[in-house]
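Every number in this text was worked out from the coordinates using simple rules, so none of it is lab data. As the structure is a computational prediction, the values presented were derived from the model and not from experiment. Note that each Cβ is placed from the backbone with ideal geometry, even for glycine, and that neighbours are counted across all protein chains shown.
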């Protein structure tokens with residue numbers, strides 16, 4: 001069973017569209033990343049963790065491990081942690097695909113170093 005299918009079995013059906021859209025975006029932006037379940041979340045990684053999908057009641061966070069170091073001209077990344085940032089995506093949110101793709105690509109590159 002794929003990590004995505006296993007993750008979807010754990011989350012509310014009304015969150016499936018957002019999760020699937022973000023999963024497709026991440027896989028297209030950084031196809032070299034593997035996906036697995038870690039800490040109950042769908043996590044994308046190579047040698048290091050890059051990003052993860054965290055499901056909340058009304059939205060999904062795209063968590064980016066090195067988000068504090070990523071260029072973010074659209075101001076999508078939020079949070080105040082030392083390294084981690086996230087993008088909050090709700091069912092009604094218009095997803096800025098190109099901006100999120102650029103963030104995922106840069107995050108994948110940053111965690112290789």
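For the reader, a short list of remarks on this structure follows.
- If the segment from residue 28 to residue 105 were pulled out straight at 0.36 nm per residue, it would be longer than the present Cα-Cα gap by 26.8 nm.
- Computed from the C-beta positions of residue 68 and residue 12, the FRET efficiency with R₀ = 22 Å rounds to 0.15.
- In the chain, the calculated helix contribution to ellipticity at 222 nm averages -10000 deg cm²/dmol per residue, counting -39,500 (n - 2.57) for every DSSP H run with n ≥ 4.
- Remark: the chain projects, on average over all directions, an area of 6.7 nm² (convex hull of Cα atoms).
- Two-site label geometry, residue 80 and residue 38: point separation in nm, points 7 Å out along Cα→Cβ: 2.6
- Computed FRET value (nearest 0.05) for residue 21 with residue 112, which takes r as the C-beta separation and R₀ as 30 Å: 0.75
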